[in-house]
Amino acid sequence: MKPVLYDYWRSSASYRVRIALNLLGIAYEAVSVDLLKKEQLGEAHLSRNPQGLVPALEIDGQMLTQSLAIIEYLNETRSGSLMPGGALERARVHALAYIIAMEIHPVCNLSIVADVMERTGGGDAVRSDWMQKYIRKGLVAFEARLGDGQSGEFCHGDTPTMADICLVPQLYNANRWGAETADLARINAIAGNCAALEPFAAAHPDRVGPSG
Ligand SMILES: N[C@@H](CCC(=O)N[C@@H](CS)C(=O)NCC(=O)O)C(=O)O
């Protein structure tokens, strides 16, 4: 049985797992969980992930959740090269991935931003300001972290790692919300290198589309 990815086309956490599956050459079936229809909070999806979040990946007889945990599991069990071998290098890739997945992403989650809007009585302008502020703040730090001489064609060296897998969907979100990124030269160069690779291109929301 093929692995089943429960995802949403515009979800950046799902986008990360799509890239990892493609990079590792794992064929999978995608099942859309429509966040706009709140399907993530329905009984069927809560039985997959009690957090009511996408993605969830059914693989090897298990239901896995949390995109970074999924990516590391896939990498370890399929002998991938998405994480470096050395402990220090792995710490660097984790740190880059965490800037995005643990700092930027949680405060820009749609349900959190909807709560901010409700509490402040703010409309679309409040949402855009919020997104632009926190996405840019995190990406500026990410750009600085890339400047330590250990980046190459990609965030860590010359092959894609989990850091690139986190960066590309975050940049998609930055563009979606109008966050300024044109001055982030290292990030933009790496994003261009990623976009040229089919596993990244095939995972793009525009390629996947709303039907999953
Ligand atoms: N840390 C989680 C984050 C998952 C997450 O926040 N998913 C978002 C979409 S990107 C979601 O399902 N949001 C639905 C909601 O907030 O109700 C992961 O990396 O898998």
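The values are calculated or read from the model by the stated rules, or taken from the named source; none is laboratory data. Just so it is clear, the structure is predicted and the values come from calculations on it, not from any experiment. As a convention, Cβ positions derive from the backbone with ideal geometry for all residues, glycine included, and neighbour counts pool all protein chains shown. Side chains are part of the model used for accessible areas, which takes the heavy atoms of the whole protein and leaves out ligands, DNA and RNA. Shrake-Rupley method; radii C 1.70, N 1.55, O 1.52, S 1.80 Å.
Would you work out what percent of the accessible area of region 1-105, with all protein chains in place, is carbon or sulfur (probe 1.4 Å)? Before the final figure, lay out each step's value.
Numbers: 2560 of 4960 Å².
Answer for region 1-105: carbon and sulfur cover 52 percent of the accessible area.
Which loop trypsin sites (Lys or Arg not before Pro) in region 106-170, with loop taken from DSSP, have no more than 10 other Cβ atoms within 10 angstrom of their Cβ?
Numbers: sites: ARG119, ARG127, LYS133, ARG136, LYS137, ARG145; in loops: none.
Passing sites in region 106-170 do not exist.
Using helices alone, I'd like the mean residue ellipticity at 222 nm for the chain: each DSSP H run of four-plus residues gives -39500 (n - 2.57), total over residue count, nearest 500.
Values: 10 runs with 109 residues, N = 212.
Using -39500 (n - 2.57) per qualifying helix, the result is -15500 deg cm²/dmol.
When the chain is treated as a GNM, springs tying every alpha-carbon pair under 10 Å, which of ALA30, ALA91, ALA182 comes out with the largest mean-square fluctuation?
Fluctuation is largest for ALA182.
Taking only protein heavy atoms into account and a 1.4 Å probe, give the accessible area per residue of the chain in Å².
Values: 10150 Å² over 212 residues.
Normalised by residue count, the accessible surface of the chain is 48 Å².
With each pseudo-label sitting 7 Å past Cα toward Cβ, what's the GLN62-ILE112 distance in nm, one decimal?
Between GLN62 and ILE112, the simple spin-label model gives 2.6 nm.
Taking each full run of DSSP H in the chain as one helix, which ones are at least 18 Å long along their axis (Cα atoms) and have mean Kyte-Doolittle hydropathy of at least 0.0? Display every interim value, and only then the final one.
Details: long enough: 124-145 (31 Å, -0.54); 162-177 (23 Å, 0.12).
Result, helices passing both filters: 162-177.
So, in Å, what gap is there between the alpha-carbon centers of region 1-43 and region 62-103?
Going from one Cα centre to the other spans 17 Å.
Quick one: check the C-alpha center-to-center distance for region 160-212 versus region 122-136, whole angstrom.
Region 160-212 and region 122-136 have Cα centres separated by 20 Å.
Along the positive direction of the dipole of the chain (beta-carbon charges: Lys, Arg +1; Asp, Glu -1; about the Cα centre), which of PRO210, LEU88, VAL126 reaches farthest?
VAL126
Could you check which residue among ALA141, ALA179, ALA20 shows the biggest mean-square fluctuation in a GNM of the chain with a 10 Å Cα cutoff?
In the Gaussian network model the winner is ALA141.
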